[in-house]
Amino acid sequence: MSYSVAIDGPAGAGKSTIAKLLAKKMGYIYVDTGAMYRAMAVYFVQNNVNPDDEREINVAVTGVNITIEYMDGVQQVILNGDNVTGMLRTEEIGSMASKTSKYAAVRRKLVELQRELAKKTDVIMDGRDIGTTVLPDAFCKIYLTASVDARAKRRYDELAQKGEKCDYDIIKKDIEQRDYQDMHREISPLKQADDAVLVDTSDMNIEQVVECIENIINERK
Ligand code: C5P
């Protein structure tokens, strides 16, 4: 039994915000697995790899080496020796990650890395398949979700606050499309593990979610 915590759920449910806060509060190392799929996507974009061609992807994956480091407690993703952490959170990279995360070669490489990290220390790991595939023995599994509207509104507010131009309907459609891709792929689709606790954050603020999950973790200790 691993004392790691698995947090899965759809895009925009607040997984990384919540997992980061919980890790700090409870003394865990936070592992963001989406960042690894995004780093792989940076390589595909930089090398003009066609996301629809699995053979091209399979060849490209052999040229990718991803490692994880921590700088002041913050996860850094190193792609073939370069720290690409600052390049991961663009729409282009998110979309490439979402399209290419369905391939076996991509998942095999990253799942192996994720398991290695969790072997060294207890972690709070977030993603889509952590409770079902990466860490099936995690002692606490959370499925964090929220309605599409709540997630789209949060994303809209976040972009608007940064002064970025955004369209609510486009954001909502993009979220729906990512949900569909993540939930319907053949390998490790996004779904709630049988032993995961469902937390719907549609009507909760960040503090409430952190408190709720902290209580669930403490109850299981
Ligand atoms: O969570 P984030 O939006 O950063 O993840 C980017 C993409 O990586 C997701 O759209 C999903 O397709 C993929 N992903 C995955 N499995 C994980 C984490 C992320 O398939 N464990």
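The values are calculated or read from the model by the stated rules, or taken from the named source; none is laboratory data. No experiment lies behind these values; they were computed from the predicted model shown. For neighbour counting, all protein chains shown are included, and Cβ atoms are generated from backbone atoms with ideal geometry for every residue, glycine included.
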| note | Residue count, the range 77-91, condition modelled with pLDDT of 95 or more and assigned to a helix (DSSP H, G or I), comes to 3
| remark: Here the residues within the range 133-157 that are surrounded by fewer than 21 Cβ atoms within 10 Å (Cβ to Cβ) and either touching a Gly at 6+ places or on another chain (Cβ under 7 Å) or among the hydroxyl-bearing types (Ser, Thr, Tyr) (or both) are Thr133, Ser147, Arg154, Arg155, Tyr156
| Do we find a residue being part of a strand (DSSP E or B), in contact (Cβ under 8 Å) with a residue 40 or more places away in the chain and surrounded by 19 or more Cβ atoms within 10 Å (Cβ to Cβ) anywhere in the range 198-217? | yes
| remark: Reported set for the range 112-140 where residues are more than 8 Å from the ligand (Cβ to nearest atom) and in a helix (DSSP H, G or I) is Glu112, Leu113, Arg115, Glu116, Leu117, Ala118, Lys119, Lys120, Gly131, Thr132, Thr133
| Which residue out of Arg55, Arg108 is under 16 Å from the mean Cα position of the chain (by Cα), on the phi < 0 side of the Ramachandran plot, surrounded by fewer than 15 Cβ atoms within 10 Å (Cβ to Cβ) and away from the ligand (no atom under 12 Å from the Cβ)? | Arg108
| note | Within the range 34-76, residues under 11 Å from Thr100 (Cα atoms), part of a loop (DSSP other than H, G, I, E, B) and in contact with a Phe, Trp or Tyr (Cβ under 9 Å, 6 or more places away or on another chain) come out as Val49, Asn50, Pro51
| query | Which residues, counting only those in the range 43-101, are over 28 Å from Lys120 (Cα atoms) and of a type in the set (Asp, Glu)? | reply | Asp52, Asp53, Glu54, Glu56, Glu91, Glu92
